[in-house]
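Engineer: Right, I'll just put the structure down here and ask away after.
The values are calculated or read from the model by the stated rules, or taken from the named source; none is laboratory data. Only a predicted model underlies this, so the values are computations on that prediction, with no experimental measurement involved. Virtual Cβ from ideal backbone geometry, glycine too; neighbours counted across all protein chains shown. For the accessible areas, the whole protein counts, side chains as well, though only heavy atoms, and no ligand, DNA or RNA atoms are used. Shrake-Rupley method; radii C 1.70, N 1.55, O 1.52, S 1.80 Å.
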Amino acid sequence: MRHFSISRLALLGGVLVITLVRLSLIGKGTMAFVDEQRYVTAMLGLRALGEGHVQESLQAINSMGARPGDGLWRAIPGLGQAALLLLFKLNPNSPPSLQVPQAFNVLIMSLNALLLYRIYRRFFSANIALVGIALYSGLVNTNVYLRHILPYDHSLFFFLLAINYLLAPAHARTTRRHWWAGVLAGVSYAVYPGYFLGPLVLLGLALALSLAPGGHEGKSQTERLKPVASLLAGLLAVLASFELLARLSDTSYLASSRYIATTVTQGSFDEGFSFIATYFWEVEGWFGAMLLALFVVGLFLSAKTTWLLLVRRDYKSEAQLPLLALLSLAFLGWLGYAVTVQLAHKLVFYGRIIHFFVPFIVMGSLVVLQRVAQEPILNVWLLALGILGLWRFSTFALAYRTIEYPPDVVYAHGIHDARQIAGIETTGCTQNLVYYRVFGPPIRDQRTNDNPRYRLINFAYLLPIACNQPRPDAGDVVAAVPYFMRYRPYQFEGHNPDERTLLQNQSFDFRIIRTQ
């Protein structure tokens, strides 16, 4: 009991420290990514609801790219921003107010770590589970979205919560519990449809637990499948509810869900099988490559152990079957996605898709750690790996602080009103392409004269980026800052290998030119 309490204290202390460091990273890059504009739509829906315009509110949350769950969930930080508006007259579109949803992201990330600890404890000792959280927290992919108002970690939160429901002891796996797991699966999908593998993994886990030998004495096949049917019913109930809400706003949630899959095509169809290995090597370095290799070994060891248990009909280790199920389902999910990319050319991989698989990659590596790190050197191994994970997190935090985003560069040089800008030019080139303009929140706190005084270079998404055409600067160079997409993890959000190489090797930067 004392050993467990010390481990729990170490967990809470570590998560608290990491949370505080993450909070220190918010405030920059406010609304700097195109997809974050959906948060503004959610807030417009919240305002419409507050004014009694129910249909207008429903229309807002159903215009967020098949993410109505995200629109409703964002009401939590939205209410916090509303309080700041009422108490301090702080405009919700201003960068200081937008730190509220950024801080909400950090809170959810910390809750995800605690949920993962509970999942890992189902299979491993407290110390090994602690190492798992340290390794998970040390990965760049775990942290890279922390200050952007995006739904990835929020969808993951509901998915991990559903897994916790399903991994209860056998006597507690009731039909009611499976129903709620299905509801959570539906919410996870409605928050971010890109993690459509989540509901499939949960259904597969429920099916494996229902059909596995042992613990089902005296039950017919139909009785054993009732929990699976209950989970599916909970999932469909959520999707049907969102479809009904969409119909009330004269649209279709299911139709928009089907459509969004056709937009996941920026990147390369040639990286179906190689993307995850390339990402872990180029973004996470040897640390990520080690974890990925350990996952493969852990999957094999878990499968071998489970096979022996089934052959010997020895079910004393109840955790082995769900462990193998989760690792296998994660692997099959990746394999199916990779086939869809490489052969069917329907989807592509992004770093945000890898985000879904990271908890399972760490889980597989813990299987190996549990097998090879025997007493008396076990604690030495665990301490070393825990320190390694925290060191990797510190290197991420230091690198992340150096990234500059378009709005911050503009604000830092005294441009507080869009009317000061003569225009935005780009040095990337692609025929017949309209680049996404990036300028951050629409609110400017300071008005100036109507005559533009600055020309901005590369204050836009150069996506896709085909070449670099440097132009001579006509005027005084006020600022030259490295382009934020030169940060390696961002290059895996929709760029193919040639474009990533170009971003790494060419000196793209933000430039502010004074024209008068």
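Engineer: Tell me the trypsin sites (Lys or Arg not before Pro) within region 316-365 that lie in a loop according to DSSP and have at most 16 other beta-carbon atoms within 10 Å.
Structural biologist: The qualifying sites are 316, 346.
Engineer: With axes computed from alpha carbons, what is the tilt in degrees of helix 320-339 against the longest principal axis of the chain, rounded to the nearest 10 within 0 to 90?
Structural biologist: Helix 320-339 sits at roughly 40 degrees to that axis.
Engineer: Then there is this: Considering only the chain, what is the antiparallel percent among its DSSP beta bridges, to the nearest 5?
Structural biologist: Restricted to the chain, the bridges split so that about 75 percent are antiparallel.
Engineer: Can you tell me which of 463-470, 383-390, 365-372 comes out highest on packing, and rank the rest after it, using the mean Cβ neighbours within 10 Å?
Structural biologist: 365-372, 383-390, 463-470
Engineer: In a shell of Cβ-Cβ distance under 13 Å around residue 254, excluding residue 254 itself, what net charge do Lys and Arg (+1) and Asp and Glu (-1) give?
Structural biologist: Overall, the nearby charge balance is +1.
Engineer: Using the charge dipole of region 129-235 (Lys, Arg: +1 at Cβ; Asp, Glu: -1 at Cβ; taken about the Cα centre), state which of 170, 158, 202 has its Cα farthest towards the positive end.
Structural biologist: The listed residue farthest towards the positive side: 170.
Engineer: How large, in percent, is the carbon and sulfur part of the accessible surface of region 216-284 at a probe radius of 1.4 Å?
Structural biologist: Carbon with sulfur: 62 percent of the solvent-accessible area.
Engineer: Hey, any idea what % of region 1-96's accessible area is carbon plus sulfur with a 1.4 Å probe?
Structural biologist: C and S fraction of accessible area: 69 percent.
Engineer: Still on this structure, I have one more. So how exposed is residue 345, as accessible area in Å² (1.4 Å probe, rounded to 10)?
Structural biologist: Here the residue's solvent-accessible area equals roughly 90 Å².
Engineer: A further question follows. Of the trypsin sites (Lys or Arg not before Pro) in region 44-91, which ones lie in a loop per DSSP and count no more than 12 other C-beta atoms within 10 Å?
Structural biologist: Answer by residue number: 89.
Engineer: Rg (Å, one decimal) plus Dmax (Å, integer) for the alpha carbons of region 327-386?
Structural biologist: 16.2, 51
Engineer: Pairing the Cα long axis of helix 378-401 with the longest principal axis of the chain, what angle in degrees results, from 0 to 90 and rounded to the nearest 10?
Structural biologist: With both axes taken from Cα atoms, the answer is about 20 degrees.
Engineer: Among 234-243, 261-270, how do they line up by average Cβ neighbours within 10 Å per residue, starting with the highest?
Structural biologist: So the peptides 234-243, 261-270, ranked by packing, come out 234-243, 261-270.
Engineer: Note down the relative contact order for region 1-148 as a percent, whole number, built from C-alpha pairs under 8 angstrom at least six residues apart.
Structural biologist: 30 percent
Engineer: For residue 254 and residue 229 in one chain, what is 0.36 nm times their gap in residues minus the Cα-Cα distance, to one decimal in nm?
Structural biologist: 6.9 nm
Engineer: Then there's this: Could you look at region 317-431 and say what percent of its accessible area is carbon and sulfur, using a 1.4 Å probe and all protein chains?
Structural biologist: 66 percent
Engineer: On to the next question. Leaving out ligands and nucleic acids, and using a 1.4 Å probe, what accessible area per residue does the chain come to in Å²?
Structural biologist: Normalised by residue count, the accessible surface of the chain is 44 Å².
Engineer: Distance from the Cα centre of region 327-352 to that of region 233-249, in angstrom?
Structural biologist: 27 Å
Engineer: Can you give me the Rg/Rh ratio for the chain, using Cα atoms for both radii and the Kirkwood formula for Rh?
Structural biologist: Reported Rg/Rh (Cα atoms, Kirkwood Rh): 0.99.
Engineer: How high is the relative contact order of the chain, in percent, with contacts defined as C-alpha pairs under 8 Å that are six or more residues apart?
Structural biologist: 17 percent.
Engineer: Here is a follow-up. In Å, what is the Rg of the alpha-carbon atoms in region 109-217, and how long is Dmax?
Structural biologist: Expressed in Å, the Cα Rg and Dmax of region 109-217 come to 14.8, 50.
Engineer: Can you compute 3J(HN,Hα) from phi for each residue in region 506-512, using the Karplus curve 6.51 cos²θ - 1.76 cosθ + 1.60 with θ = phi - 60°, rounded to whole Hz and x for Gly and Pro?
Structural biologist: Here the 3J(HN,Hα) series is 8, 8, 5, 8, 7, 10, 10 Hz.
Engineer: Only loop residues by DSSP count here, and only those with at most 15 other Cβ atoms within 10 Å; note down the GluC sites (Glu not before Pro) in region 1-57 that meet that.
Structural biologist: Filter output for region 1-57: 51.
Engineer: With every protein chain left in place, what is the accessible area of residue 426 in Å² (1.4 Å probe, nearest 10)?
Structural biologist: 20 Å²
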